[in-house]
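Read the structure below first, then the notes.
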Amino acid sequence: MTYNELWHLLAPLYGDSEAKAIARMVYDVRFGLSLSDICIGKDTQLSANCQAELKGIADRLLEQEPVQYVLGQTDFCGRIFRVNKHVLIPRPETEELCHWIVSQGDTSLMDATNILDIGTGSGCIAITLAAEMQKAKVTAWDISENALEVAWENAERLNVSVAFEQVDVLHITSTCYQQTANGFDVIVSNPPYIKNKERARMEANVLNYEPHTALFVPDDDPLLFYRTIATYGQKALRQGGWLYFEINPLYAQEMTEMLDSLSYHDIETRKDEYGKLRMTRARK
């Protein structure tokens, strides 16, 4: 199977542009062939074993399994992260959240010494902040032991120090407060924020493959995780510390009102590159 044959096979499902991007990623990541290599015909020279592997990849893609899971990796903030079915695939809007934390106007944050990432998944936020803010001590929580294994492997491979802990944020124990004697400078989270009733409108590649515990919240309480984390932040953040969230654009106003009711101030919500309200920060 050649590059042209692969993307034409995928096009009815993904559309021409995405099919070409997926095919390029497959040839690059799995077989080490650049677009230039493909242009000179090296995709026609794969061995029988590589062709058999390529067919298996194509079969999985035709089942709408995300290419990142098929290949076992994705790019995030210029680094390669391992991913599998136990963690969400990092998205561009989460990169924007990391950029905001690292490069926003309050330069005192660059001296932040204590950062907590809640619901770390692949570890993409925690590891990125630890790599970019080298003075920081970064802690990352997740309820999933399998997700923490992925995150730990990513930190090891990228040579970044992060303290990973298995914590259910909806049932935070007293031990979680004991480790924050001086308070966190930053608490950041990209928690579940999709209502269960929204499942019907979701793409199959997300609904059928990505972990539901990291996606969905009860229909009657879409701010469940945000409110819980913000309440914890009132105890665990130092005075003047920052809370950062990736948010559901549908509940941006409710988010601001909730944070205001908990006495946070300097509340700011930003749009992502597509013009959607995607991230909020607030100061204790």
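For the stretch 5-77, just say rounded, prolate or oblate: build the C-alpha gyration tensor, square-root its eigenvalues into a ≥ b ≥ c, call rounded for a/c under 1.5, and beyond that prolate if a/b exceeds b/c, oblate if not. Taking the square roots of the gyration eigenvalues as a ≥ b ≥ c, the stretch 5-77 is rounded.
Checking the table 20/85; 137/276; 42/85 against a 28 Å threshold on Cα-Cα, which pairs fail?
Those over the limit are 137/276; 42/85.
Counting only residues 5 or more places away or on other chains, whose amide H sits under 5 Å from the amide H of residue 76 once H atoms are built in the peptide plane? Distant-sequence amide H within range of residue 76: 81. Ordered by solvent-accessible area of protein heavy atoms (1.4 Å probe), largest first, the residues 62, 116 come out as 62, 116.
Approximating the spin labels as points 7 Å out from Cα along Cα→Cβ, the residue 271-to-residue 165 distance works out to 3.9 nm. Amide H contacts of residue 164 (H built 1.01 Å from N, in plane; Pro and chain starts excluded): 140 sit under 5 Å, all sequence-distant by 5 or more or on other chains.
Shape annotation for the stretch 22-151: C-alpha extents along the principal axes are 55, 33, 20 Å, from largest to smallest. To the nearest 10, the accessible area of residue 143 is 100 Å² with a 1.4 Å probe.
The values are calculated or read from the model by the stated rules, or taken from the named source; none is laboratory data. Bear in mind that the values here come from a model prediction, so they are computed numbers and not experimental data. Here Cβ is always computed from backbone atoms with ideal geometry, including for glycine, and neighbour counts include all displayed protein chains. Heads up: the accessible areas ignore ligands, DNA and RNA and are worked out on the full protein's heavy atoms, side chains in. Shrake-Rupley method; radii C 1.70, N 1.55, O 1.52, S 1.80 Å.
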